[in-house]
Amino acid sequence: MRASPMHLVFAIILVGSLVAKDRTTDVLIESSNLEPAVMRAARSHGWALRDYTTIADTDVPALVFHAAGCAQPMLVVLLSVAFDQEPVVRSAREPGYVLRYVYIGRTWDEPRRLAVFVERLKYAALAVFGLTPYVPSSHVLLVEAPPDCQVADDVDWRTVWSRDASSARRTDAEETTR
């Protein structure tokens with residue numbers, strides 16, 4: 001009788017590890033291009049893509065958007081979670097612009113490497129077991145908004161990391177490589 005509960009525990013561990021192994025490959029597939037998802041999220045809040053540009057005197061790409069009620073454009077930059085490009089971007093920012101660092105459901109006014117690492121780890125663990133609609137990424141959004149423009153706070157950026165958006169990006173990438 002005592003062996004039966006132990007067998008049940010080991011069976012649960014075995015099945016759980018097989019499910020986790022199967023889902024881990026999906027979680028770890030990295031989509032290198034989040035730009036289409038960023039554009040969809042911005043467009044859903046009335047932003048219009050103006051241009052692709054690079055941050056002044058750098059090779060860091062940025063998306064330039066116009067939003068109703070804002071006299072100046074807004075920039076969205078995809079940064080690595082390591083924040084290795086952040087000092088360059090910060091030094092080249094527009095005077096007076098407000099910076100927001102966004103990763104899935106969290107927003108910070110300054111780069112928080114540890115907080116982003118913890119969020120990424122949390123969503124990776126949840127995604128392995130299918131407990132989150134988001135796919136962790138190695139990218140953080142840096143949103144630069146003019147000081148008189150509050151519409152940047154209204155955008156729900158979580159859709160950039162949505163599992164549906166991620167699978168659509170992967171399908172698009174597979175179709176372009178064929």
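In the stretch 123-175, which residues are modelled with pLDDT under 90, surrounded by fewer than 17 Cβ atoms within 10 Å (Cβ to Cβ) and part of a loop (DSSP other than H, G, I, E, B)?
The answer is 129, 130, 147, 148, 150.
Looking at residue 58, is it polar (S, T, N, Q) and either on the phi > 0 side of the Ramachandran plot or part of a strand (DSSP E or B) (or both)?
On the way: polar (S, T, N, Q): yes; either on the phi > 0 side of the Ramachandran plot or part of a strand (DSSP E or B) (or both): no.
In short, no.
Name every residue in the stretch 63-100 that is outside any loop (DSSP other than H, G, I, E, B), in contact (Cβ under 8 Å) with a residue 24 or more places away in the chain and crowded, with 17+ Cβ neighbours inside 10 Å, in order of residue number. Talk me through it step by step, then tell me what you get.
We begin by selecting, within the stretch 63-100, every residue outside any loop (DSSP other than H, G, I, E, B); these are 63-66, 74-80, 86-91, 98-100.
Among the residues that remain, those that are also in contact (Cβ under 8 Å) with a residue 24 or more places away in the chain are: 63, 74-80, 86, 88-89, 98-100.
Those that are outside any loop (DSSP other than H, G, I, E, B), in contact (Cβ under 8 Å) with a residue 24 or more places away in the chain and crowded, with 17+ Cβ neighbours inside 10 Å: 63, 74, 75, 76, 77, 78, 79, 86, 89, 98, 99, 100.
Within the stretch 11-55, count every residue that is surrounded by 10 or more Cβ atoms within 10 Å (Cβ to Cβ), at pLDDT below 80 and assigned to a helix (DSSP H, G or I).
Summing the residues that are surrounded by 10 or more Cβ atoms within 10 Å (Cβ to Cβ), at pLDDT below 80 and assigned to a helix (DSSP H, G or I) in the stretch 11-55 gives 15.
Residue 67 passes all but one of (1) out of contact with any helix residue (DSSP H, G or I) (no Cβ under 7 Å at 6 or more places or on another chain); (2) small (Gly, Ala, Ser); (3) at negative phi; which number fails?
(1)
The values are calculated or read from the model by the stated rules, or taken from the named source; none is laboratory data. All values reported here derive from a predicted model rather than from experimental measurement. Because the Cβ atoms are built from the backbone with ideal geometry, glycine has one as well, and the counts that use them run over all protein chains shown.
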